[in-house]
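The values are calculated or read from the model by the stated rules, or taken from the named source; none is laboratory data. Keep in mind it's a predicted model, so treat the numbers as computed, not measured. Cβ atoms come from the backbone with ideal geometry, glycine included; neighbour counts cover every protein chain shown.
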Amino acid sequence: MEPAPGEIHAPPADFAALRRQDPELAGVLLAELDRQSTCLQLIAGENFTSPAVLAALGSPLANKYAEGYPGHRHHAGCELVDLAERLAVERACALFGAEHANVQPYSGSSAVLAAYAALLVPGDTVLATALPHGGHLTHGSRSNFSGRWFGFVGYGTDPDTGLIDYDQVRDLARAHRPKAIVCGSISHPRHPDYAAFREIADEVGAYLIADAAHTLGLVAGGAAPNPVPYADVVCATTHKTLRGPRGGLILCGEHLAGRVDRAVFPFSQGGPHMHSVAAKAAAFGEAAGPAFAAYAHQVVANARLLARTLAGEGLDVLTGGTDTHLIAADVSPLGLGGVRARGRCAAAGIVLDKYAPPYAARTDDSCAGIRLGTAAITTQGMRETEMPQVAALIGRALREERGVVADVNGLVRRFPPYPAVTTGA
Ligand SMILES: *Cc1c(COP(=O)(O)O)cnc(C)c1O
């Protein structure tokens, strides 16, 4: 059965045994379950996985060493985990129309590292979103391998529209002749123009790497444009909008398959996490169904309405809205900084991130904004009816009104992510 959007998810874990054996740890897990079930989960990159994904993660595949690829492993006894990995690869290729998929990256960052390793050598020039404009750490941060090993040049967004300035991207590409161009962001709420990026990459002879870590789930559900036809390599996470286990994914054409596979193993990783690979297969299976398409479209509809209603609360929503699950907003019109805004929301049981809008006025805080997303609350079953309530709760929390925690709990308890848990209490 496909989980419908809003269908109640129940984890398969029976906490009773753990509670008997290790009450200290069981207490932590149950408290976290309670936190996830009573607070508003608005971290943009988070979601609630399905029972099938959790079952695979909690399976004995966690015990298996399987260095290598199906049919070519360094270890014995891999016949069955081979089947799981083949399923994950076939489903990923079918879901995104890709010729090749590597499902072994431990995380989104590992996938980006492998993509660079497949296409670049240290010292190469790479053009990517500048970090203050939404680039990820792996897009050239000096504290990350990317900024240490490659020469990153950053493109930005237009100060008036907040949108990517493609003229600037083209000018920088012509001036710096990068070996690769990276598109994709942690906070930009609009889709990259993949065709425009492809054209610029072709003009300067660069590879195009799409880091679709946030949006690939929306692509699977037909609610976002697919980068696969345009990019040489697509990197993603499997735990954000894709709603699978924590992990990474790489998609590419057949001609790059060998380079990508060798860049993952043995170049940058050891044995794959086969329980996670199996959980990715489960997630890709779910994402192929009509219920997931309905979910992905609902995520975007929710985010659009939430962005509009947050603007009504006095926040300055970047780019005036969103095309995705992501909302980035400047809270300085309310006389707040992002750290204080995040703290006031947290005190009210609303979990979201601080964020530094690229052109915001300086505040006494380290940043002027917040970043949030609708992937998790949509999995819980919230729809357009609830979005004005969510915006109002955020507005009240930011104004430090009384009684917001109780109202947040009241709303969230109507949409339990994991109601059927056996706690052994
Ligand atoms: C989340 C994200 C990553 C990293 O994923 P991890 O699983 O946290 O390593 C990389 N790139 C972008 C654009 C992301 O949003």
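Checking Thr379 against (1) at pLDDT below 95; (2) within 19 Å of the chain's Cα centre (by Cα), which test does it fail?
(1)
What number goes with the only condition from (1) surrounded by 24 or more Cβ atoms within 10 Å (Cβ to Cβ); (2) within 20 Å of the chain's Cα centre (by Cα) that Ser141 does not pass?
Going through the list (1) surrounded by 24 or more Cβ atoms within 10 Å (Cβ to Cβ); (2) within 20 Å of the chain's Cα centre (by Cα), Ser141 breaks only (1).
Name the residues in the range 131-148 that are free of Cβ contacts under 8 Å to residues at least 40 places away in the same chain and in contact with a helix residue (DSSP H, G or I) (Cβ under 8 Å, 6 or more places away or on another chain), would you? Break it down stepwise before answering.
Our first condition is that a residue be free of Cβ contacts under 8 Å to residues at least 40 places away in the same chain; within the range 131-148, this holds for 131, 137, 140-148.
Of everything in the range 131-148, those that are free of Cβ contacts under 8 Å to residues at least 40 places away in the same chain and in contact with a helix residue (DSSP H, G or I) (Cβ under 8 Å, 6 or more places away or on another chain) turn out to be Leu131, Leu137, Gly140, Ser141, Arg142, Ser143, Asn144, Phe145, Ser146.
State the number of residues belonging to the range 110-123 that are touching a Gly at 6+ places or on another chain (Cβ under 7 Å) and away from the ligand (no atom under 16 Å from the Cβ).
Of the residues in the range 110-123, the ones touching a Gly at 6+ places or on another chain (Cβ under 7 Å) are 110-111, 123.
Subset that is away from the ligand (no atom under 16 Å from the Cβ): 123.
The qualifying residues number 1.
Give the residue, chosen from Ala98, Ala66, Ala117, that is out of contact with any strand residue (DSSP E or B) (no Cβ under 7 Å at 6 or more places or on another chain) and touching a residue at least 24 places away in the same chain (Cβ under 8 Å).
Values: Ala98 fails: out of contact with any strand residue (DSSP E or B) (no Cβ under 7 Å at 6 or more places or on another chain); Ala66 fails: out of contact with any strand residue (DSSP E or B) (no Cβ under 7 Å at 6 or more places or on another chain).
Criteria check complete, one pass: Ala117.
Check every one of the helices (runs of 4 or more DSSP H) wholly within the range 179-263 and list those with 3 or more residues that are touching a Lys or Arg at 6+ places or on another chain (Cβ under 7 Å), of a type in the set (S, T, N, Q) and away from the ligand (no atom under 16 Å from the Cβ). Outline the logic, then answer.
On the way: elements: 194-204, 216-220, 257-262.
Qualifying helices (runs of 4 or more DSSP H): none found.
Where residues in the range 375-418 are closer than 22 Å to Asp323 by Cβ and small (Gly, Ala, Ser), which of them is surrounded by the fewest Cβ atoms within 10 Å (Cβ to Cβ)?
Looking at residues that are closer than 22 Å to Asp323 by Cβ and small (Gly, Ala, Ser), I get Ala391.
If Val89 meets every condition in (1) within 15 Å of the ligand (Cβ to nearest atom); (2) among the β-branched types (Val, Ile, Thr); (3) touching a strand residue (DSSP E or B) at 6+ places or on another chain (Cβ under 7 Å) apart from one, which number is that one?
(1)
When you go through (1) touching a strand residue (DSSP E or B) at 6+ places or on another chain (Cβ under 9 Å); (2) assigned to a helix (DSSP H, G or I) one by one for Gln298, which number turns out not to apply?
Of (1) touching a strand residue (DSSP E or B) at 6+ places or on another chain (Cβ under 9 Å); (2) assigned to a helix (DSSP H, G or I), only one is false for Gln298: (1).
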